[in-house]
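Comments concern the structure below.
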Amino acid sequence: MRTGLFKRKTKCFGIDFGTDTIKIYKKGTGLVYVQKTAIAVKNKKTVIAIGDEAYDMYGKVPEQIEVIFPLINGVIASFDRMVSFMNCVFLDLTREIGKFYGAEFHLVVPADLSELEKKAFYDVIDKSFIRASRVLLYDKPAVDAIGCGIDFNRTEGTLICDIGAETTEVSAIAGGTILHSRLFKNGGKDIDDAISAGVKKNYNLIIGKKTAENCKKNVLTLLEDDDRTEKVYGIDLVDNMPKELLLTDSLARPYADEFLNSLIDNIKSVIERIPPEFASDFYKCGITITGGTSSIKGLEKYLKDNLKFEIKTAEDPSDTAINGLALIMEGKYKLEQEV
Ligand SMILES: Nc1ncnc2c1ncn2[C@@H]1O[C@H](COP(=O)(O)OP(=O)(O)OP(=O)(O)O)[C@@H](O)[C@H]1O
Ligand SMILES: [Mg+2]
């Protein structure tokens, strides 16, 4: 009898569905997939690329090819596109790590979503060709906290602020529970959009998504005396010719204002909801900022000056949610309550 003896061990994956970047962790192996959450579709039905390759096509391809972002503001915008995207991701992964039909999946989703919106992530995995054996959902603030090195079960009170691409999730946690969490529709992409719009208005120059994102990463700084410049290339609105612009940090800085003002308002609105008996704990522990957008230069000091709270930036901020999930999956952190 061969049954049982040669049975393969169930593979186990963790997924952080970022609006900008999907991150997949494989138990016992590590991060196995980090790609833009994008899918390129030809004639509305044939998938021709996914991930970074699809993102790179944005704005460069003929009309019959559409680059779609299946998540908007942390929520599944098109269920069918999301299933197609995940099927392609799973196919890519199968090529790299072998088949994993019947695998187990641990998903991290924003806490401040409706039950239906959360269930949609479960359903995407359920409808994919992989035929998952088990799908578990976790609230992101808990997993993020663990990924930031915070003892979620025992913290007396702290704030986690995950500033991603299209969302900012601000959460107050204490004693293994999420006291309050809000998902705001603001993220680093707002700055990219403001840079594109500003450069168009002030310099008659049309620049691409990627160029604007690179300006944010390379030129934008909230620190004084931190001189930065970047050559930016785009198409001149007047004569349709390619043109170069030297963008400096002082020219780029105002484009971040609207985003920064909303960020302060968003964090304050959660601080205002902290129950009075926790006030001293939260004040002592301060706020941990994470998510890719927390890497904006000088953001930690800017928030400290404006909120008068202790601010810490997480290590590895783009990956704290997936790193937290990895600790749970590997049995290195045990959540005392289901979240
Ligand atoms: N060094 C940097 N400076 C500024 N922004 C950065 C930097 N590195 C990454 N980002 C921004 O971080 C964002 C991606 O972060 P992250 O991976 O946390 O988002 P996400 O999880 O995909 O999105 P969301 O959490 O909103 O669903 C992008 O907008 C990217 O431009
Ligand atoms: Mg995220």
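To keep it simple, each residue is scored yes or no on (1) within 16 Å of ligand 2 (Cβ to nearest atom); (2) of a type in the set (Ser, Thr, Tyr).
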site: Val75; (1), (2): yes, no
site: Ser78; (1), (2): no, yes
site: Ser84; (1), (2): no, yes
site: Glu96; (1), (2): no, no
site: Lys99; (1), (2): no, no
site: Gly102; (1), (2): no, no
site: Leu107; (1), (2): yes, no
site: Pro110; (1), (2): yes, no
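Screening Leu325 against (1) surrounded by fewer than 17 Cβ atoms within 10 Å (Cβ to Cβ); (2) not β-branched (Val, Ile, Thr); (3) not in a loop (DSSP other than H, G, I, E, B) leaves a single unmet condition, (1). Quick check on this structure: which one of Lys210, Lys216 is surrounded by fewer than 16 Cβ atoms within 10 Å (Cβ to Cβ), assigned to a helix (DSSP H, G or I), in contact (Cβ under 8 Å) with a residue 60 or more places away in the chain and under 21 Å from the mean Cα position of the chain (by Cα)? Of Lys210, Lys216, the one residue that is surrounded by fewer than 16 Cβ atoms within 10 Å (Cβ to Cβ), assigned to a helix (DSSP H, G or I), in contact (Cβ under 8 Å) with a residue 60 or more places away in the chain and under 21 Å from the mean Cα position of the chain (by Cα) is Lys210. Check whether at least one residue in segment 262-270 is under 28 Å from Ile206 (Cα atoms) and not acidic (Asp, Glu), and report yes or no. Yes, because at least one residue in segment 262-270 is under 28 Å from Ile206 (Cα atoms) and not acidic (Asp, Glu). Please work out if Gly286 is under 19 Å from Ser269 (Cβ atoms), touching a strand residue (DSSP E or B) at 6+ places or on another chain (Cβ under 7 Å), within 16 Å of ligand 2 (Cβ to nearest atom) and not polar (S, T, N, Q). Spelling it out, it is not the case that Gly286 is under 19 Å from Ser269 (Cβ atoms), touching a strand residue (DSSP E or B) at 6+ places or on another chain (Cβ under 7 Å), within 16 Å of ligand 2 (Cβ to nearest atom) and not polar (S, T, N, Q).
Restricting attention to segment 7-37, the residues being within 26 Å of Thr290 (Cα to Cα), outside any strand (DSSP E or B) and over 13 Å from the mean Cα position of the chain (by Cα) number 3.
Being surrounded by 12 or more Cβ atoms within 10 Å (Cβ to Cβ), in contact with an Asp or Glu (Cβ under 7 Å, 6 or more places away or on another chain), charged (D, E, K, R) and not assigned by TED's automatic domain parsing to the domain that holds Val109 holds for only one residue in Asp227, Asp249, Asp236, and it is Asp249. Taken over segment 107-146, residues that are assigned to a helix (DSSP H, G or I) and over 17 Å from Thr19 (Cβ atoms) amount to 11. Under the condition of being outside any helix (DSSP H, G or I) and within 23 Å of the chain's Cα centre (by Cα), which residue from segment 42-64 is surrounded by the most Cβ atoms within 10 Å (Cβ to Cβ)? Selected residue: Ile50. Only one of the numbered conditions (1) farther than 26 Å from Tyr138 by Cα; (2) at pLDDT 95 or above; (3) surrounded by fewer than 20 Cβ atoms within 10 Å (Cβ to Cβ) is not met by Val34, and that is (1). Within segment 268-318, the set of residues being over 19 Å from Thr167 (Cβ atoms), in contact with a Gly (Cβ under 9 Å, 6 or more places away or on another chain) and of a type in the set (Gly, Ala, Ser) comprises Ala279, Ser280.
Considering segment 89-106, and only residues there that are buried (at least 16 other Cβ atoms within 10 Å of the Cβ) and over 14 Å from Lys27 (Cβ atoms), the residue that is farthest from the chain's Cα centre (by Cα) turns out to be Phe90. Across segment 147-197, the number of residues qualifying as within 15 Å of ligand 2 (Cβ to nearest atom), among the β-branched types (Val, Ile, Thr) and not in a strand (DSSP E or B) comes to 1.
The values are calculated or read from the model by the stated rules, or taken from the named source; none is laboratory data. The structure displayed is predicted, hence computed values, not measured ones. A quick note on method: Cβ atoms are made from the backbone with ideal geometry, for glycine too, and the neighbour counts reach across all protein chains shown.
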